[in-house]
Amino acid sequence: MIYTVTLNPSIDYIVHVDQLAIGDINRMKSDLKLPGGKGINVSRILQRIDNTSTALGFLGGFTGHFIEEWMKNEAIKTDFTAVKDDTRINIKLKAVEETEINGLGPAISEEEMDHLKQKLANISAEDVVVLSGSKPASVPTGFYQTLIEIIRGKGATFVIDTTGEDLMDALSKEPLLVKPNNHELAELYDTTFNSIEDIFPYGRRLLKEGAQHALVSMAGDGALLFTKDGIYQSNVLKRQVKNSVGAGDSMIAGFVGCFSKTQDPVEAFKWGVACGSATTFSDDLATKEFIDELLPEVKVTKIV
């Protein structure tokens with residue numbers, strides 16, 4: 001079983017206006033409400049590429065109910081921990097320029113955190129847990145490390161998609177996969193990259209410090225996969241870019257879904273690139289049909 005954990009999910013409220021007039025009344029051209037949260041996105045893509053997952057995390061209030069119902073309608077198994085406060089709403093205002101206003105997230109009690117830990121304590125050694133995204137402000141520093149200790153104590157493997165200290169602290173626990181983009185990787189090691197080759201020593205460093213595989217996305221320059229056997233680069237697929245939200249989560253879903261069946265990191269990389277690209281070229285997360293269309297176009301080259 002693949003589990004996903006989203007500590008701070010949201011409703012993504014996407015609003016389109018022709019032009020934004022600050023300090024005046026604006027009329028929407030269209031709007032859309034979608035379940036948000038990195039782990040939730042991973043579960044949604046896994047379902048579309050025929051992989052079963054269970055979505056865990058914190059949900060509360062009418063906003064949490066909206067997300068729960070959406071997941072049920074997509075036939076995704078969930079086992080969320082109910083919290084007293086409402087799940088947050090993130091506003092994505094699309095005009096000439098895009099503006100985002102992200103909610104703070106609910107206050108999570110110690111009891112609610114313990115309930116999530118208890119759910120994770122039921123996993124088995126064959127399972128993979130995907131830990132994704134930020135945590136609410138009320139969740140203490142080091143909470144991801146607590147969850148990782150539970151996962152590793154059960155003999156299971158984990159993927160972590162977050163940044164900064166949480167990512168750095170997780171490396172020694174040997175995650176199956178980490179996926180910083182090039183900017184996050186540079187920030188992690190307090191450096192700058194002026195070429196793709198500049199990234200190589202830092203991708204290798206992620207492996208040296210414990211990661212089994214590292215994906216580094218580079219937007220218009222494709223992506224890199226670092227493994228113990230070498231460094232691989234994908235080509236860049238060409239379509240109209242419509243959406244950046246969820247592309248990285250889709251890449252993780254493609255990689256984990258394929259790797260869980262094949263144990264082949266290069267083939268999993270191809271699936272990751274296809275899923276991530278398909279979401280980039282879609283209004284919402286990618287459909288299975290579009291992923292299948294793009295998969296034959298993905299070319300991976302071993303460069304080192």
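The values are calculated or read from the model by the stated rules, or taken from the named source; none is laboratory data. Please read these numbers as outputs of a predicted model, since none were measured by experiment. So basically every Cβ, Gly included, is an ideal-geometry build from the backbone, and we count neighbours across all protein chains shown. Accessible surface areas use protein heavy atoms only, side chains included; no ligands, DNA or RNA. Shrake-Rupley method; radii C 1.70, N 1.55, O 1.52, S 1.80 Å.
For this structure, a couple of remarks:
- Under-5 Å amide H pairs with S53, H placed in peptide plane, nonlocal only: K77
- When restricted to Cα atoms, the chain yields an Rg and a Dmax of 18.8, 58 Å, respectively.
- Qualifying trypsin sites (Lys or Arg not before Pro) in the range 218-304, where qualification requires a DSSP coil assignment and no more than 10 other C-beta atoms within 10 Å, comprise K228, K238.
- Over every Cα atom in the range 198-242, the radius of gyration and the widest Cα-Cα span, Dmax, amount to 12.0, 37 Å.
- Global dimensions of the range 92-145 from alpha-carbon coordinates: Rg and Dmax equal 16.0, 49 Å.
- Per-residue [θ]222 nm for the chain (sum of -39500 (n - 2.57) over DSSP H runs n ≥ 4, rounded to 500): -11000 deg cm²/dmol
- Estimated vicinal HN-Hα couplings, Hz - the range 2-17 in sequence order (Karplus 6.51, -1.76, 1.60; Gly, Pro = x): 9, 10, 10, 10, 10, 6, 9, x, 7, 8, 8, 9, 9, 10, 10, 10
- Once the Cα gyration tensor of the range 184-274 is diagonalised, semi-axes √(5λ) in Å: 20, 18, 11
- Using the 1.4 Å probe convention, the accessible area of the range 1-100 works out to 48 Å² per residue with neighbouring protein chains retained.
- Summarised in one figure, the compactness ratio Rg/Rh of the range 105-238, Cα atoms and Kirkwood Rh, is 1.01.
- Straight-distance crosslink candidates among aspartates and glutamates, where the alpha carbon sits under 14 Å from K261 and sequence neighbours closer than 8 are dropped: D50, E126, D127
- For the range 83-139, applying the loop criterion from DSSP together with a ceiling of 14 other beta carbons within 10 Å to the trypsin sites (Lys or Arg not before Pro) yields K84.
- Positive end of the dipole of the chain (Cβ unit charges, origin at the Cα centre): among A223, L59, S132, the Cα lying farthest that way belongs to A223.
- The range 1-158: radius of gyration over Cα atoms, expressed as a fraction of 2.2 N^0.38 Å: 1.13
- Taken about its Cα centre, the chain carries a charge dipole of about 540 debye when Lys and Arg each add +1 at the Cβ and Asp and Glu each add -1 at the Cβ.
- The range 86-194, accessible surface, carbon-and-sulfur percent (1.4 angstrom probe): 46
- Rg/Rh ratio calculated on Cα atoms of the range 240-304 (Kirkwood radius): 0.98
- For a straight C-alpha distance cut-off of 15 angstrom, the aspartates and glutamates reachable from K299 (same-chain residues fewer than eight places away being disregarded) are D221, E267.
- Every pair of different Cα atoms in the range 1-80 enters the Kirkwood calculation, which places the hydrodynamic radius at 13.8 Å.
- 16 Å tail of the calculated P(r), the range 75-182, as % of Cα pairs: 66
- Filter on K33/K72; K92/K179; K38/K228; K94/K242; K38/K92; K228/K302 - keep pairs with C-alpha separation over 18 Å: K92/K179; K38/K228
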